[in-house]
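Asker: This structure is in structure tokens; I'll ask about it shortly.
The values are calculated or read from the model by the stated rules, or taken from the named source; none is laboratory data. None of the values given here were measured: they were computed from a predicted structure. Methodologically, a virtual Cβ is constructed for each residue, glycine included, from the backbone with ideal geometry; neighbour enumeration extends over all protein chains shown. Accessible surface is based on the protein model in full, side chains and every heavy atom, while ligands, DNA and RNA are left aside. Shrake-Rupley method; radii C 1.70, N 1.55, O 1.52, S 1.80 Å.
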Amino acid sequence: MTRAGNFFGPQKNTNVRVSLPAVCFVWQIAMIVLFGVFIRYDEESDAHWVVYKKDHNVTDIENDFYFRYPSFQDVHVMIFVGFGFLMTFLKRYSFGGVGFNFLIAAFGLQWALLMQGWFHSLDHTTGKIYIGVESLINADFCCAGSLIAYGALLGKVSPVQLMVVTLFGVTLFAVEEYIILDLLHCRDAGGSMVIHAFGGYYGLAISWVLYRPNLNQSKRLNGSVYHSDMFAMIGTLFLWMFWPSFNSAITDHGDGQHRAAINTYIALASSVLTTVAISSMSQKGGKLDMVHIQNATLAGGVAMGTAAEFMITPYGSLIVGFCCGIISTFGYLFITPFLEKYLKLQDTCGVHNLHAVPGMLGGFIGAIVAAAADESVYSKEGLINVFDFEGDFANRSPGTQGGFQAAGTCVSIAFGLVGGAIVGFILKFPIWGDPADDNCFDDEVYWEVPEDEETIPPVLEYNNHMIHKHQEISESNFSVEQS
Amino acid sequence: MTRAGNFFGPQKNTNVRVSLPAVCFVWQIAMIVLFGVFIRYDEESDAHWVVYKKDHNVTDIENDFYFRYPSFQDVHVMIFVGFGFLMTFLKRYSFGGVGFNFLIAAFGLQWALLMQGWFHSLDHTTGKIYIGVESLINADFCCAGSLIAYGALLGKVSPVQLMVVTLFGVTLFAVEEYIILDLLHCRDAGGSMVIHAFGGYYGLAISWVLYRPNLNQSKRLNGSVYHSDMFAMIGTLFLWMFWPSFNSAITDHGDGQHRAAINTYIALASSVLTTVAISSMSQKGGKLDMVHIQNATLAGGVAMGTAAEFMITPYGSLIVGFCCGIISTFGYLFITPFLEKYLKLQDTCGVHNLHAVPGMLGGFIGAIVAAAADESVYSKEGLINVFDFEGDFANRSPGTQGGFQAAGTCVSIAFGLVGGAIVGFILKFPIWGDPADDNCFDDEVYWEVPEDEETIPPVLEYNNHMIHKHQEISESNFSVEQS
Amino acid sequence: MTRAGNFFGPQKNTNVRVSLPAVCFVWQIAMIVLFGVFIRYDEESDAHWVVYKKDHNVTDIENDFYFRYPSFQDVHVMIFVGFGFLMTFLKRYSFGGVGFNFLIAAFGLQWALLMQGWFHSLDHTTGKIYIGVESLINADFCCAGSLIAYGALLGKVSPVQLMVVTLFGVTLFAVEEYIILDLLHCRDAGGSMVIHAFGGYYGLAISWVLYRPNLNQSKRLNGSVYHSDMFAMIGTLFLWMFWPSFNSAITDHGDGQHRAAINTYIALASSVLTTVAISSMSQKGGKLDMVHIQNATLAGGVAMGTAAEFMITPYGSLIVGFCCGIISTFGYLFITPFLEKYLKLQDTCGVHNLHAVPGMLGGFIGAIVAAAADESVYSKEGLINVFDFEGDFANRSPGTQGGFQAAGTCVSIAFGLVGGAIVGFILKFPIWGDPADDNCFDDEVYWEVPEDEETIPPVLEYNNHMIHKHQEISESNFSVEQS
């Protein structure tokens, strides 16, 4: 009767009563100490702004806050409600889907502020990191990599393991981002490369190392019910609607943000139609599959992560969304089962099809669009502005930029695969409280789950009553006859 | 035992495995071609902005993106989560409610960018349409008309039919909008006329043509359950909260947006109280009806669609909300049943009471407020600014403007009724895969619906077990006695 | 079989068919009259803005609308979806949770515009109140106090009582706010004192007066089910995500809003980790409790309500969140049961732990941070700017300011306790239609609740069928034997 099966041999110890609080406390205290040493307000969020304004002859509305805060809040919703609810589709892992997403994002963003600060905005004269609204957006972005990885691991790992995944995920993210954006001088505002390709392959590599041959023992829980699919649609829609903000949140003020939002909006619309088309074609009777609608409709947004701020043109955006909707839906239909059967790779949410492949494609699309850029389309100043051809990179040509963009994509994939493999091996130590194979996808392992007495409607109680009555009658009959 | 009844004669063919993908692919490819020919970035989203800025002596913050993007995102949420989740109230049509809403909005916004572009912003020298953030808002608005129509048809049509409804709906919208806004020079920022009155009557006319005399065969599914009502409240609240953004999204910079938001906020608050009052009065014991709370509370926002940007005064807004909450709730109580019984008009979501009537009222309220405008209230410049009395219309008086506003309302209703009737007849061809009467309101027709094993709690399995046991006992008894 | 028990003696009369509509109509009409007499658009939302712009040499983007509207919409979502869905966690009171929240917020914000207007922005020459976007934010804030109080009363009061709670709650709020912000010249942008401490103690005092000794008669309904916990997480997450907007919505333009958002973002992240740690430590097996995750994770935001706009430093924010997550979770574990057992205080949502205590702490944290302010950190102009040391208060020192902040906290608590006790006694009159003890936490008292036929899956119908069959057989057996 109990959901946690005890019949398949010795149970794993899933008690995290010591390890989870210990990890939370130690890491949170470390954050406090490191924030105390390193993190300060930047000039736009410091009380000295009133002086700065006068000195630099700017007004309040030119504070970066007003350029980016609405987009920041949209990104924030994507991270916590979007990713969180997208992972509630399993019938009995909705608490874990949204709850652990909440936990690791809340930890990850703190660690991200530090890691990204050290790599990108450490002031070497004062030794401090100065943060503002753009830092918050970047911290949310940085978490996204680890949340994507969680999608591949959903239901199969403990919260302690997820904290480890996030600690290393954020660290690796900051390093690859430094290499790609600073050393290779790539543009990747919406993170096709640094977020999606990295996060997707990071999660897949971990899941590959943690392969569970007997996972079908919890097959009964690895699926959705009607209402859990509806909760997942909340996640899907908030991701879909706010993706234009995701891709435009940290692009250049003015045309950069404007264009990135338009391109992403258009690409996403196109993805929806091709997803529906392929989903309907693939099923008997042309019925649509919620898994496709919940995921593949987002592929256009992922694939526009790099190119959205470029002059890809509106119809170029449509084509990207068109192709990625098809590719992603095919992924759910054929590649995920193939990976599970032949590559021993269990990918609960199908992040391969939603993040890894569209992210990689997005990186290469960005490379092509960058290589094709010229002054007739961008104007001379526009070209410098969009690709930041200044300082050490003043003489870089669009063609060269395209090559570096492609190289950046490869770097992100390599970081994901190698980093994920290493983290996967760390997670194999039998100390993390992960569930047994027959215990996966079940909230009862890590959550106090309420009794569902409401699912016993009155008529059932009546049935029970009648059954007992018959039982008595039958038994009396039986005894009469026996005698 | 299966939900799709097979007992009422020959089943209709609801297989859309060919038609749905075909429509999606053909229309999406057409969009790509047309976007390639016509659609370009406008000067504020083009990489030339850096040059434009210098030439016109403006700064980044004066890019229209920063005036309108937050409102755009709110409108976007209303279209996809607001309308989508509002239509999830049916117990077994939640996938169709939110999923088909997603599909047709994603298609509609692309077609709207083209249609509205041709009518409103085609540059005749270059033959191109230049788009920016305001185009995106208008495209979302244009979809709203067809989504409202979907509300009347919910559960009774196939996704292919909905694509047809949207294709024609967007087309008709663009034409009536051109007539009302450009030729008649009406003001209708929040679309009481062009969106709500048009969309409502468009849907009602289609539904009237598609009347199903035997719809009561699926009566068991035409209602809500506890949790589906909660999902619908998500839609209601996001519509209610963001309606101030809807009505202010494309009004004038500065006071126009500011005033429209305030007026809508106030009117909506007032609608809630009168809706609750009438709902409570109408039921035995004063119990509230979720249908009213989910819908009639929004009537104030619909009815302020035209007048929100005018100087209607805060108490004027309160009065509008007060009356429309009452009228809309009465509509759900008396008019919808009346329409169904005597006019053969089946209106699943009651769009008559939420969109058609409040939209029409909103048009006439706008006419009255416009006619009453004078310089003492608006100032001379304010009057010109609010009503755009410039160019060909420089000499128009407020009184005349009021007359044209009223005429515009009639145009929108006429377009809705005539256009809807024509589209309804097109949809009667037996090629669209619509469901049979006993098959309506059922997701199983067009969706892969997960098995709901979770609704069988352990105690039931126990019951089954006991029943079988008794069966054996009873049967053994019976056989004993037989012998 | 019916949920509303009739077995425990004479039922209370919960019929609100006269009283609820009467209250709604009378109060809404009163609002229309008072708005007509008092409320007008301010200069930034009036059609004269076009003249004002020229006179004051400002541009449209400097309209306060663009500084505050995105934050306003976030706050609006917190009030209606955040508070509303947070209160849907009960298995059979979700309609009441989100629906009555909707009703009282919609009434409260109208009354708040008047009350706050009279106290804060009444123009004594014209006798009018001029409203703009900041007024709307303040009105939403003012409602929040009463919505917090509703959390303590959830499931135990009638909608008519809630309207009374809100009428007095908003009135008391405006008075205490006037004393704290204007007379004592405290800073409290996010309302730790004026909103959370006041609202929490107001609700607790009412609940204490309305103590129900036999509330355990409805114990079966005072808990969650799986899906209701998921709905509550929607509320939690929207509150959590948008709290930076809550605390920054009405702070100073520029650095004030920027810094408040950063501090709140950081504090909230820290709360999540310590909440998870304590929740896991407290349960056998280290399992997490949804009650803690839904509530205590928000404590950091409450506690930063006063200090968020000060130079509390990022690590200071982390420490606040760290401590409040712990304190709040301990509250749910130990203090709420203690209050119920020994102080006869029934607090359905645990507002004591989420609002009252963190709000009070937030007030004192604000006092300490204010007292510690100096020119080296803020700059001379910054100090004047942040604490508004101008006019009558030009000579106030930070130390004095700290003292006044602490005094303000005490004022808010006193208002909450005394006001709540008085309102509680008013609510004891037997005319308000409140439910009997065995009828609490049940939507069937005030709502038309749909039949849940969907929870009877096909297999059950089969069972019923079999049972009847057996019954016949058994009975025939029985009769045979009888004969």
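Asker: Give just the number: which of (1) open to solvent by less than 30 Å² (accessible area, probe 1.4 Å); (2) in a helix (DSSP H, G or I); (3) not hydroxyl-bearing (Ser, Thr, Tyr) does B:ALA373 not satisfy?
Answerer: Against the list (1) open to solvent by less than 30 Å² (accessible area, probe 1.4 Å); (2) in a helix (DSSP H, G or I); (3) not hydroxyl-bearing (Ser, Thr, Tyr), B:ALA373 comes up short only on (2).
Asker: Being of a type in the set (A, V, I, L, M) and either within 7 Å of chain A (Cβ to nearest Cβ) or open to solvent by less than 10 Å² (accessible area, probe 1.4 Å) (or both) is the filter here; which residues of segment C:238-265 pass it?
Answerer: Here is the first cut: in segment C:238-265, the residues of a type in the set (A, V, I, L, M) are C:239, C:241, C:249-250, C:260-262.
Passing the criteria: C:LEU239, C:MET241, C:ALA249, C:ALA260, C:ALA261, C:ILE262.
Asker: From the list A:VAL320, A:VAL291, A:VAL276, which residue is closer than 30 Å to A:GLU177 by Cβ and modelled with pLDDT of 95 or more?
Answerer: Details: A:VAL291 fails: closer than 30 Å to A:GLU177 by Cβ; A:VAL276 fails: closer than 30 Å to A:GLU177 by Cβ.
One residue alone meets the criteria, A:VAL320.
Asker: Can B:TYR201 be described as open to solvent by 30 Å² or more (accessible area, probe 1.4 Å) and touching a Leu at 6+ places or on another chain (Cβ under 8 Å)? Break it down stepwise before answering.
Answerer: Details: open to solvent by 30 Å² or more (accessible area, probe 1.4 Å): yes; touching a Leu at 6+ places or on another chain (Cβ under 8 Å): yes.
Yes, satisfied.
Asker: So for segment B:49-70 (the condition being out of contact with any strand residue (DSSP E or B) (no Cβ under 7 Å at 6 or more places or on another chain) and closer than 15 Å to A:TRP240 by Cβ), does at least one residue qualify? Walk me through how you get there before you give the answer.
Answerer: Residues of segment B:49-70 out of contact with any strand residue (DSSP E or B) (no Cβ under 7 Å at 6 or more places or on another chain): B:49-70.
Okay, now just the ones that are also closer than 15 Å to A:TRP240 by Cβ, so none.
No, the conditions are met nowhere in segment B:49-70.
Asker: Here is a follow-up. How about segment C:141-182: which of its residues are open to solvent by 10 Å² or more (accessible area, probe 1.4 Å) and not in a helix (DSSP H, G or I)?
Answerer: Passing the criteria: only C:LYS156.
Asker: State all residues of segment B:418-453 that are surrounded by fewer than 18 Cβ atoms within 10 Å (Cβ to Cβ) and aliphatic (A, V, I, L, M); if no residue qualifies, say none.
Answerer: Across segment B:418-453, the qualifying residues are B:VAL418, B:ALA421, B:ILE422, B:ILE426, B:ILE431.
Asker: Please go through (1) crowded, with 23+ Cβ neighbours inside 10 Å; (2) outside any loop (DSSP other than H, G, I, E, B) for A:TYR130 and return the number of the only condition it doesn't satisfy.
Answerer: For A:TYR130, the exception is condition (1).
Asker: Still on this structure: Give just the number: which of (1) part of a helix (DSSP H, G or I); (2) farther than 19 Å from C:VAL272 by Cα; (3) modelled with pLDDT of 95 or more does C:LYS341 not satisfy?
Answerer: Single failed check for C:LYS341: (3).
Asker: Still on this structure, I have one more. Looking at this structure, is B:ALA277 of a type in the set (A, V, I, L, M) and either more than 7 Å from chain C (Cβ to nearest Cβ) or open to solvent by 10 Å² or more (accessible area, probe 1.4 Å) (or both)?
Answerer: Details: of a type in the set (A, V, I, L, M): yes; either more than 7 Å from chain C (Cβ to nearest Cβ) or open to solvent by 10 Å² or more (accessible area, probe 1.4 Å) (or both): no.
Against the criterion (of a type in the set (A, V, I, L, M) and either more than 7 Å from chain C (Cβ to nearest Cβ) or open to solvent by 10 Å² or more (accessible area, probe 1.4 Å) (or both)), B:ALA277 does not qualify.
Asker: Out of all the residues in segment B:301-331, which are under 18 Å from B:CYS349 (Cα atoms) and surrounded by fewer than 24 Cβ atoms within 10 Å (Cβ to Cβ)?
Answerer: B:ILE326, B:ILE327, B:PHE330
Asker: Consider B:SER282 carefully, then state whether it is open to solvent by less than 10 Å² (accessible area, probe 1.4 Å) and small (Gly, Ala, Ser).
Answerer: No: the conditions fail for B:SER282.
Asker: Pick out the one residue from C:LEU288, C:LEU298 that is more than 9 Å from every other protein chain (Cβ to nearest Cβ), crowded, with 24+ Cβ neighbours inside 10 Å and within 25 Å of C:TYR226 (Cβ to Cβ). Break it down into steps so the answer makes sense when it comes.
Answerer: On the way: C:LEU288 fails: more than 9 Å from every other protein chain (Cβ to nearest Cβ).
Only one candidate passes the filter, namely C:LEU298.
Asker: Which numbered condition in (1) of a type outside the set (Val, Ile, Thr); (2) at pLDDT 95 or above; (3) open to solvent by 10 Å² or more (accessible area, probe 1.4 Å) is the only one that C:ALA4 fails?
Answerer: (2)
Asker: Separate question: Mind counting the residues in segment B:49-72 that are of a type in the set (S, T, N, Q), open to solvent by less than 20 Å² (accessible area, probe 1.4 Å) and within 8 Å of chain A (Cβ to nearest Cβ)? Give the derivation first.
Answerer: Taking segment B:49-72 and keeping what is of a type in the set (S, T, N, Q), we get B:57, B:59, B:63, B:71.
If we keep only those that are open to solvent by less than 20 Å² (accessible area, probe 1.4 Å) as well, we get B:63, B:71.
So of that shortlist, the ones also within 8 Å of chain A (Cβ to nearest Cβ) come out as B:63.
Qualifying residue count for the region: 1.
Asker: OK, next. Starting from residues that are part of a helix (DSSP H, G or I) and among the polar types (S, T, N, Q), keep the ones in segment A:384-408 and report whichever is nearest to A:ALA303 (Cα to Cα).
Answerer: Pass one, segment A:384-408, residues part of a helix (DSSP H, G or I): A:384-387, A:391-393, A:398-408.
Restricting the remaining residues to those that are among the polar types (S, T, N, Q) gives A:385, A:400-401, A:405.
Details: A:ASN385: 22, A:THR400: 21, A:GLN401: 18, A:GLN405: 14 Å.
My answer is A:GLN405.
Asker: Looking at A:PRO244, A:PRO213 in this structure, which one is out of contact with any Asp or Glu (no Cβ under 6 Å at 6 or more places or on another chain) and not in a helix (DSSP H, G or I)?
Answerer: On the way: A:PRO244 fails: not in a helix (DSSP H, G or I).
So the residue among A:PRO244, A:PRO213 that is out of contact with any Asp or Glu (no Cβ under 6 Å at 6 or more places or on another chain) and not in a helix (DSSP H, G or I) is A:PRO213.
Asker: Quick check: is even one residue across segment C:83-90 away from chain A (no Cβ under 14 Å), surrounded by 24 or more Cβ atoms within 10 Å (Cβ to Cβ) and outside any helix (DSSP H, G or I)?
Answerer: Within segment C:83-90 (the criterion being away from chain A (no Cβ under 14 Å), surrounded by 24 or more Cβ atoms within 10 Å (Cβ to Cβ) and outside any helix (DSSP H, G or I)), the answer is yes, since at least one residue qualifies.
Asker: Among the listed residues B:ASP42, B:ASP46, identify the single one that is open to solvent by 10 Å² or more (accessible area, probe 1.4 Å), facing chain A (nearest Cβ under 8 Å), of a type in the set (Asp, Glu) and at negative phi.
Answerer: B:ASP46
Asker: Any residue in segment C:60-77 that is within 17 Å of C:ILE131 (Cβ to Cβ) and among the aliphatic types (A, V, I, L, M) sitting within a Cβ distance under 9 Å of a residue that is open to solvent by less than 10 Å² (accessible area, probe 1.4 Å) and not in a helix (DSSP H, G or I)? List the pairs, counting only those 6 or more apart or interchain.
Answerer: C:VAL75/C:ALA249
Asker: Does C:VAL77 satisfy the condition of being in a helix (DSSP H, G or I) and in contact with a Gly (Cβ under 9 Å, 6 or more places away or on another chain)?
Answerer: Working: in a helix (DSSP H, G or I): yes; in contact with a Gly (Cβ under 9 Å, 6 or more places away or on another chain): no.
For C:VAL77, the condition - in a helix (DSSP H, G or I) and in contact with a Gly (Cβ under 9 Å, 6 or more places away or on another chain) - is not met.
Asker: Something else about it: Condition (residue is polar (S, T, N, Q), in a helix (DSSP H, G or I) and closer than 24 Å to B:CYS349 by Cβ) applied to segment B:259-266: is it met by at least one residue?
Answerer: In the first step, residues of segment B:259-266 are kept if they are polar (S, T, N, Q); the result is B:263-264.
Add one more test, that the residue is in a helix (DSSP H, G or I), and what stays is B:263-264.
If we keep only those that are closer than 24 Å to B:CYS349 by Cβ too, we end up with B:264.
Within segment B:259-266, one or more residues are polar (S, T, N, Q), in a helix (DSSP H, G or I) and closer than 24 Å to B:CYS349 by Cβ.
Asker: Search segment B:26-39 for residues being more than 8 Å from chain A (Cβ to nearest Cβ) and either small (Gly, Ala, Ser) or in contact with a helix residue (DSSP H, G or I) (Cβ under 6 Å, 6 or more places away or on another chain) (or both), and hand back the single one that is nearest to A:HIS253 (Cα to Cα).
Answerer: My answer is B:LEU34.
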